Amino acid sequence: MSSFINNLLAYVRNIVKKPESSILRDEKGVLEPHSDLIATALAVIGFVVLAALLSRAYMGYEDRSFALENYESASLLAGTVAEAPVLKAENPGSISASALDRLSAIQGSDKRKEFFASFSGNYPFLVEVRTEDGRWQWLIEPQLVESGYLTGKQGKVAASVPVVIELSSAETVPGTLTVVLYETPWT
């Protein structure tokens, strides 16, 4: 039985490679070209995923930076619009509902051009005025060259100021004037 074990051990020693005869030192080693392709493909896929994550992070940063940089401008513009002479009512410190009706009406395009001409043309914006109870709402949009520009996917930031809206000479209601400032292609 011991000779059988000795023969078996000798046979196993011949089959098992010795440490000095590893695949790196043996010129008769098996070449595996496909393992290099898999490793390269995994590296490329990892790089593409990393690039996609970095670009999404940068795009998110750009969106938030527009809002942070332009909120103060939108807030100042909202205050200026609320004080615009064309919106003034008979009562001091209030906005005229009839002036809002003229500016937001379809046939009020000349009035809208005049209204928006008094502000800087560098920032496209729209004005929304609504009463606190939601019964009345006015939307004043500029007439831009490209239709549908203000409904696009460009960045925007909004700022609101409280206002008093004069519905008639005897009735005033609290409301909100909101300015929505849109990002331009050159910013």
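A few remarks follow.
- Treating r as the C-beta distance of Val48 and Tyr71 and R0 as 41 Å, the FRET efficiency rounds to 0.70.
- Neighbour-limited loop hits for GluC sites (Glu not before Pro), region 60-104 (at most 11 other Cβ within 10 Å; DSSP other than H, G, I, E, B): Glu90
- Probe 1.4 Å, all protein chains present, accessible-area order of Leu68, Leu167, largest first: Leu68, Leu167
- A 1.4 Å probe over all protein chains sorts Glu132, Glu183 by accessible area into Glu132, Glu183, starting with the largest.
- Prolate/oblate/rounded call for region 33-130, Cα gyration tensor, a/c under 1.5 rounded: prolate
- Normalising the average separation of contacting C-alpha pairs (under 8 angstrom, six or more residues apart) by the number of residues puts the relative contact order of region 46-127 at 12 percent.
The values are calculated or read from the model by the stated rules, or taken from the named source; none is laboratory data. The structure presented is a predicted model; accordingly, all values stated were derived computationally and were not measured. Don't worry about glycine lacking a Cβ; one is built from the backbone with ideal geometry, like all the others, and counts go over all protein chains shown. What goes into the accessible areas is simple: the full protein's heavy atoms, side chains included, and nothing from ligands, DNA or RNA. Shrake-Rupley method; radii C 1.70, N 1.55, O 1.52, S 1.80 Å.
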